[in-house]
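The values are calculated or read from the model by the stated rules, or taken from the named source; none is laboratory data. Predicted, not measured: the structure shown is a model, and the values here were computed from it. Cβ placement follows ideal geometry from the backbone for every residue including glycine, while neighbour counts extend to all protein chains displayed.
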Amino acid sequence: MNTATEMYSINSPVKKRSWIDRIKNLFASSGVSSNSNIAVEDFGYKNIIEKLPLLICVKNKEGQYQMVNQAFVDLVGKDRDEILGKDDAELGLFLNPEQIMVADQLVFDSSQKKYIPLEPFTDRYGALYWFQTTKFPLLDESGAVKELLIISSDITQKIEVEQRLSKSELRYKSIFENNYSGIIVVDNELNIHNKNKAFNKLVESSQKTLNRDDLKKYISSEDRTDLIDLMMGMVSRNYESFDLNLELNLKSGNKVDTICFVRGLYDESGNFTEAVVTFQDITKENKNLKALEESENRFRIIVENATEALLLLDFENRCYIDANKNAEGMFGYTKEELLSLKLGDLSPLNQASGENSANLSAQYMQQAIDGENVVYEWIVRRKDGKLIPCEVRLVKLPYEDKTIVRTSVIDITERKRNERLLNLEKQKLQNTNNELVDLNHKLEDQTQQLQEFAYISSHNLRSPAGNIRALLDFYNSDPTKENFDLFLDKLDVVSVDLMETINDLADVVKIKNEVSKEVSVLSLSKIVDKIKDSLSEKIKSKNAIIRTDFKKEDKIKASKTYMESIFLNLISNALKYSKDEVPPEIDVSSKIVDSNLVLTFKDNGLGIDLTKFGGKVFGLRKTFHRNKDSRGVGLFITKAQVEAMGGTIDIESEPNVGTTFVIKIPKDKIL
């Protein structure tokens, strides 16, 4: 035999006879009778072997494959020539090839066929298959076993089904035994054939009696009749399942409310065999439901007797689902009409603030949905169109699968009226208080002014009075006619000075005690132009330069007399106290700083030594330069006029450099 194919010749009489017998056996196991009158040879046994779905092969004593059919070749995934002449270890077909070789050897040794119910096989991809295998001995002419004929049937799918079924049965048993619900299996007469621990616990039965029992003893006669009737309908297969409420009677005398779910089981012919009954204990649920109903009744009583209008709003659908009597009274609608309204139908287009009612309402509702306790004032529109001020409270209520908002509405018409009256009284009181405060400030100012005036008066009158006293003493010491004439001459000078002082003080008192009523709109640039005209000769003689900058603020509302006096005093002083041989340069400007109008007067004149005279600059009859026209009255009067308008005046000065006056007046007084 030169090739693997030659190891078995289909023309060999002995081998051919052996193969025919084996094929007959194969047909017999497949349902084809071995007594068939048709000769096997007529079928073409080789073609039959090749086409069979069974794995068929021939192995020699060395375990090498001598013949394999197409099903074997397909499973191994190699060419036939690659399989023939090789053993299992070389091909790697089995998980334990040594074990296969031992089984083969037993057939060789015993000359008896061997049936192997479960044999693992590995394909070319490493997938595991399971086979049922029969190994037949093939005899030579002398009756010795020369080769083995091996026929294997693939039972992998059957094994997998059995494994799944086993797992399913285990899961069912585990679910049945460990389920929290009571489960029983009954026949059509309600005899219990099996029950789990949960059912025994439910009916307070002994855990030792896990199988046989009678359901009828646990239920009332009325429930028993209903259940049997329903079972009859299921037996006749009018339906295959049903559920109903059952009250179970316990040995202790207690009762358990349950819902039982009954499912019929049927055989292959559709005949009823048994039913699985599952019990769900709803005793607590029923108690809770009863308690909830009682709570809802109490809530309904509270709602109906509440002093405010109450409505329940379904937020998703934007409609009201409940309303109390007070809501009917407040809005003028019947309850049925209220429940037909949508969110926004009880509001005007806009609220008192001018905001859109729909947008504002949506914001408040969203806050309530987010869990906030929302309280706000709202204008409500009645059915008759009347608008009512109300206080609204929104609270989200827990409610199954809906978003419900409780809307509480209180009519605050009377409260708003009282608030308006109270606010009016408060405003009156505030106005009176402001008047008293202003009056107090004026009194304080007048007191301060009086003290200042008393000081100034005593200070400025002391000098003339002292001169008169000195003249009298002089005359009394030597009362001659010559001294009397001298006394009269001096008295005339002193009296003139005294009169001027009294007139100056009178002007100051007039300024401090009344603000001029001649208030009008003035142009600062025109005031300066008027001053220039009145001082034109002096300006021309001194070659003075006067610059103005009123771009920031030119128009003001003030006393024309005061403003012209202030500008005249400060500009004339700048000319009067200018340096010799140096042309005066005067800059006048205006601007708004914070809440004040700021007027600035700057010159390049003689300046004032503020270190020596800083506290006397605005004093009455105070002069700081030797000038025959100096009286020391202008700055005193200017300060009085500025303060009379509620302003202030400050000075910055340096000898031989110049002087700057800064006037600040509250803009609300002059603009």
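For segment 384-406, state whether one or more residues are of a type in the set (Gly, Ala, Ser), in contact with a strand residue (DSSP E or B) (Cβ under 7 Å, 6 or more places away or on another chain), modelled with pLDDT of 85 or more and within 30 Å of GLU304 (Cα to Cα). Steps first, please.
Step one: of segment 384-406, the residues of a type in the set (Gly, Ala, Ser) are 385.
Next cut, in contact with a strand residue (DSSP E or B) (Cβ under 7 Å, 6 or more places away or on another chain) only: none.
The answer is no, given that none of the residues of segment 384-406 is of a type in the set (Gly, Ala, Ser), in contact with a strand residue (DSSP E or B) (Cβ under 7 Å, 6 or more places away or on another chain), modelled with pLDDT of 85 or more and within 30 Å of GLU304 (Cα to Cα).
Any idea how many residues of segment 305-336 are among the β-branched types (Val, Ile, Thr) and either part of a strand (DSSP E or B) or within 34 Å of the chain's Cα centre (by Cα) (or both)?
Residues of segment 305-336 that are among the β-branched types (Val, Ile, Thr), as a first pass: 307, 321, 334.
Right, trim to either part of a strand (DSSP E or B) or within 34 Å of the chain's Cα centre (by Cα) (or both) and you get 321.
Residues flagged as among the β-branched types (Val, Ile, Thr) and either part of a strand (DSSP E or B) or within 34 Å of the chain's Cα centre (by Cα) (or both) within segment 305-336 amount to 1.
Among the listed residues ASP370, ASP314, ASP322, ASP345, identify the single one that is touching a residue at least 40 places away in the same chain (Cβ under 8 Å) and either within 21 Å of ILE412 (Cβ to Cβ) or not hydroxyl-bearing (Ser, Thr, Tyr) (or both).
ASP314
Residue by residue through segment 147-171, note down the ones that are in a strand (DSSP E or B) and either under 60 Å from the mean Cα position of the chain (by Cα) or crowded, with 18+ Cβ neighbours inside 10 Å (or both). If you could, list the steps in order and put the result at the bottom.
Within segment 147-171, the first condition is being in a strand (DSSP E or B), and the residues that meet it are 147-154.
Result: GLU147, LEU148, LEU149, ILE150, ILE151, SER152.
Output yes when any residue across segment 363-386 is in contact with a Gly (Cβ under 7 Å, 6 or more places away or on another chain), surrounded by 11 or more Cβ atoms within 10 Å (Cβ to Cβ) and over 30 Å from ASN254 (Cβ atoms), and no when none is. If you could, list the steps in order and put the result at the bottom.
To start, the set of residues in segment 363-386 that are in contact with a Gly (Cβ under 7 Å, 6 or more places away or on another chain) comprises 382-384.
Retained after the next criterion (residues that are surrounded by 11 or more Cβ atoms within 10 Å (Cβ to Cβ)): 382-383.
Filter once more, so that each one left must be over 30 Å from ASN254 (Cβ atoms): 382-383.
Yes, segment 363-386 contains at least one residue that is in contact with a Gly (Cβ under 7 Å, 6 or more places away or on another chain), surrounded by 11 or more Cβ atoms within 10 Å (Cβ to Cβ) and over 30 Å from ASN254 (Cβ atoms).
Going through VAL437, VAL493 one at a time, which residue ends up being at pLDDT below 75, exposed (fewer than 13 other Cβ atoms within 10 Å of the Cβ) and more than 30 Å from SER295 (Cβ to Cβ)?
On inspection, the qualifying residue turns out to be VAL493.
Can you tell me which residue is nearest to GLY77 (Cα to Cα) among those in segment 106-131 that are more than 60 Å from the chain's Cα centre (by Cα) and surrounded by 16 or more Cβ atoms within 10 Å (Cβ to Cβ)? Steps first, answer last, please.
Initial filter on segment 106-131 (more than 60 Å from the chain's Cα centre (by Cα)): 106-124, 130-131.
From what's left, surrounded by 16 or more Cβ atoms within 10 Å (Cβ to Cβ): 107-108, 114, 119, 121-122, 130-131.
Values: VAL107: 27, PHE108: 28, LYS114: 27, GLU119: 19, PHE121: 13, THR122: 11, TRP130: 17, PHE131: 17 Å.
Among them, the one singled out is THR122.
If I go through segment 562-603 residue by residue, how many of them are closer than 13 Å to LEU524 by Cα, polar (S, T, N, Q) and out of contact with any Leu (no Cβ under 7 Å at 6 or more places or on another chain)?
3
Considering only residues that are among the small types (Gly, Ala, Ser) and without any contact (Cβ under 8 Å) to a residue 12 or more places away in the chain, look in segment 198-235 and name the one that is farthest from GLY182 (Cα to Cα). Steps first, please.
Within segment 198-235, the first condition is being among the small types (Gly, Ala, Ser), and the residues that meet it are 198, 205-206, 220-221, 233.
Retained after the next criterion (residues that are without any contact (Cβ under 8 Å) to a residue 12 or more places away in the chain): 206, 221, 233.
Details: SER206: 14, SER221: 21, GLY233: 23 Å.
My answer is GLY233.
With segment 559-671 as the region, which helices (runs of 4 or more DSSP H) entirely inside it contain at least 1 residues that are assigned by TED's automatic domain parsing to the domain that holds ASP533 and modelled with pLDDT of 90 or more?
560-576
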